[in-house]
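Taken together, the values in this text are just the output of simple stated rules run on the coordinates, not laboratory data. Not measured: the values here are computed from a predicted model. Note: ideal-geometry Cβ built from the backbone for every residue, glycine included; neighbour counts use all protein chains shown.
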Amino acid sequence: MKFEQKQQNWVFSPAFVFFVSAFLLFGAIASLYAWLVFSPFVRTPYLVPSLGCQVDNEGSWSIGVFYGASPFSLQPIEDKNVWKNESAAWPLANPVITCASASESGYPSNFVADPFLYIQEDVLYMFYETKNSVTMQGDIGVSRSTDKGVTWEQLGTALDENWHLSYPYVFDHNGQIYMMPESSENGELRLYRAISFPLQWNLEKVLLKKPLVDSFLIKHGSKYWIFGSDHSGFGAVKNGRLEIWYSNSPLGPWKPHKKNPIHNQEKSSGARNGGRPFVYDGFLYRVGQDCGETYGKRIRTFKVEILTEDDYKEVEVPSGFKESKKGRNAWNGVRHHHLDAQQLGSGEWIAVMDGDRVPSGDSVDRFIVGCTSVLAVAALVLLLGVLMGAVKCFVPLNWCPNNLRKRSDALSGWERPNTLSSKFRQFSFRLNRVHTFLRVWIRPNTFTGKLVLLLAFITGVVLMCNGVTYIYGGNGAEEPYLLNGHYSQFTMLTMTYEARLWNLKMYVKHYSRCSSVREIVVVWNKGKAPEPSEFDSAVPVRIRVEKLNSLNNRFNIDPLIKTRAILELDDDIMMTCNDIERGFKVWREHPDRIVGFYPRLADGNPLKYRAEKYARKQKGYNMILTGAAFMDTQLAFGRYWSEAAKAGRRVVDKFFNCEDVLLNYLYANASSSATVEYVKPAWAIDTSKFSGAAISRNTDVHYQKRSDCLSMFSEWYGSLSNRKSKFNQRKDGWDV
């Protein structure tokens, strides 16, 4: 009976009620924060039917292709402007091989890295590490390209041992093809020979009984040289050590260089190899890894000035590689640690490089930081309970010294000789004195006390949101969506004037970090135009100054735009990069349509222009606002400036309105099938309400002008009333 009464008193005690209330309050705040910040749409950049592309603490490495006139002027494949019609990749963009590439071929992979090329006339083979999603072990995968690296066929697993394999250095010798992968986990440097290239290999010889990492073998002068790193020795600096061996034959025997270790210094020094060495203008160059900030942060290039049996000297030279400013939204935005550059028969250089959007150990680090934030919230709740009088002491009362005499004799007999228990009681006593001190000096009914309570609560909210972000929010990357094995890019275009410069600067800073954005074109309609250097942008910004202030300028034919896809997005609309990437993927599925985020409905007799709310009641839409829509520059701009649209353009200038309505009519007039596609954004903010620079301030007048346009356009270009598209038709739920 006494036990039940104590239990009841405990449940209804002020401390218990306070902690439950605090838990519900902070839990509700965390849920609201997650609902507002994180997209409700499933994040599925890789739609693979296997176990592949799992979150891996080593990273999410993928591989891109680069071209240039020299190994110091390499540019990504998107700059080559190669188009692939079957995936609407206009142009094709890096990365070209991902975990999805391997997984879709039946070889589940968490990431691909350490690429090496092997060139046979016009056919390219790429060997790389692929981390098996089942065994969690590195294997060697291989892909083939017959179009100079534009597209790659996944051939399968070239080498699989009972230990981790990576860094598959492939080379020729005496008509034979050899591979020397990293086998440091097995404590050896092994050489394999192809018996049926590229998928069957036999062990030829163990070159060195050392756990070397990232080794390569080259012929320089009359000798063969192995460069590698042995981190197992006493005093070896991990990722900062380099050693050299030499021989008269690639099969050995091998002798250590007299200056070994060549390097044993800071891990940012580039000592660890980062790919295949290359010869350019008669000089040998070595590629190394800078592992200072995180493993594989970037590559560094070194010119070898002396390589003999007795001496070695190298000096760093600029690599010429431009790092992305998009951070985690870029496939190589956080790190890149491996390069293989080779010269094709045409004289052009081709290179493969791996990259990652997260640092090493990211998933574990995020979990630790998130849990730490939540524990800090718990500590703040305890502090708030003390200040508000709901908590009487920091530790349970039956551990406080004043209550020791109430314990049982058996327990007291155990505690007397127990020094640890005695020290804990002393610590509890001192901690509870802090409780008394806080209650005396910080009184909740005073201004200072209320301020402290408010600051503690705000700090708790910030920490809780931070914890949710790190635990639930993923790696923070808003990735592009793969379509038919390819990525692509688009150009953003916005039309504005000087009164909206504040909006524009925020617009450029945000959207330039989206993964698939290649360039931002600003159509400047009125006032003094800003300089591109005024913007904080991760991509080129081009200001296109127009002579006349006309809404028709939005669709002016622009031969400088390098992509087929263009996103017309008003400068007062802010939405997530993930929403933008989803819209781009839908457009690539339907490049002949206007794909956008704001549906409208034109219906009734006479025709009236209706907003999204009305369209949803009618369960359909027949227009998409082009102020937030993807379209094909060739189709859209060509139709808009056709002779048939001349009368419509006059109406646009007369009303200073309706340019998007006109384009919808022109699309519908050119096709008997669906011409518009809706994508629901997670959220969107109209920033013009903060700046006071809205173009259409009077909604009633704005809508009446558009209704007037509908009457004229329907007479000239046909009706839209029978062209209604329905909501919620996509399997992914993006158009709900």
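The largest-to-smallest principal axis extents of the Cα set in the range 489-717 are 50, 36, 35 Å. Applied to the range 624-630, the Karplus parametrisation 6.51 cos²θ - 1.76 cosθ + 1.60 on θ = phi - 60° returns per-residue 3J(HN,Hα) values of 10, 5, 7, x, 7, 8, 8 Hz, with x for Gly and Pro. Report the label-to-label distance for ILE119 and ALA670 in nanometres (one decimal), using points 7 Å from each Cα along the Cα→Cβ vector. Simple spin-label model gives 4.1 nm for this pair. Evaluated with a Cβ-only charge set (Lys, Arg +1; Asp, Glu -1), the range 62-358 carries a dipole of roughly 660 debye about its Cα centre, given to the nearest 20. Efficiency by 1/(1 + (r/R0)^6): what FRET value for LEU548 and ALA644, r their Cβ-Cβ distance, R0 = 25 Å, to the nearest 0.05? The value I calculate is 0.70.
When each of the peptides 584-590, 161-167, 279-285 is scored by how many other beta carbons lie within 10 Å of its residues on average, the order from highest to lowest is 584-590, 161-167, 279-285. Summarising the amide proton neighbourhood of GLN75: residues at separation of 5 or more, or on other chains, whose placed amide H is nearer than 5 Å comprise TYR67, GLY68.
Think of each Lys and Arg Cβ as +1 and each Asp and Glu Cβ as -1; about the Cα centre, that makes the dipole of the chain roughly 3320 debye. If R0 is taken as 56 Å, the Cβ-Cβ distance between VAL55 and ALA499 corresponds to a FRET efficiency of 0.75. The label point for THR459 and the one for VAL701, both projected 7 Å from the Cα toward the Cβ, are 5.3 nm apart. Counted by neighbouring Cβ atoms within 10 Å, the residues PHE19, PHE367, PHE447, PHE216 run from fewest to most as PHE447, PHE367, PHE19, PHE216.
Here the Karplus curve 6.51 cos²θ - 1.76 cosθ + 1.60, taken at θ = phi - 60°, turns the phi angles of the range 126-143 into couplings of 10, 9, 7, 6, 10, 7, 5, 6, 8, 8, 6, 10, x, 10, 10, x, 9, 10 Hz, with x standing for Gly and Pro. With volume of the Cα convex hull per residue in Å³ as the read-out, I listed (i) 247; (ii) 595; (iii) 180; which label goes with the value calculated from this structure? Here the calculated entry is (i). At full extension, ILE306 and LYS608 could sit 100.7 nm farther apart than now, given 0.36 nm per residue minus the alpha carbon distance. Of SER101, SER319, TYR167, which is farthest along the charge dipole of the range 62-358 in the positive direction, counting Lys and Arg as +1 and Asp and Glu as -1 at C-beta? Projecting each Cα onto the dipole axis, the largest value belongs to SER319. The mean sequence separation of alpha-carbon pairs under 8 Å and at least six residues apart, normalised by the residue count of the range 62-358, gives a relative contact order of 15 percent. Using the Karplus relation 6.51 cos²θ - 1.76 cosθ + 1.60 with θ = phi - 60°, the per-residue 3J(HN,Hα) values for the range 275-289 come to x, 7, x, 9, 10, 9, 6, x, 10, 8, 10, 10, 9, x, 9 Hz, with x marking Gly and Pro.
Potential lengthening of the chain between ALA378 and ASP592 amounts to 71.6 nm, from the contour at 0.36 nm per residue minus the alpha-carbon distance.
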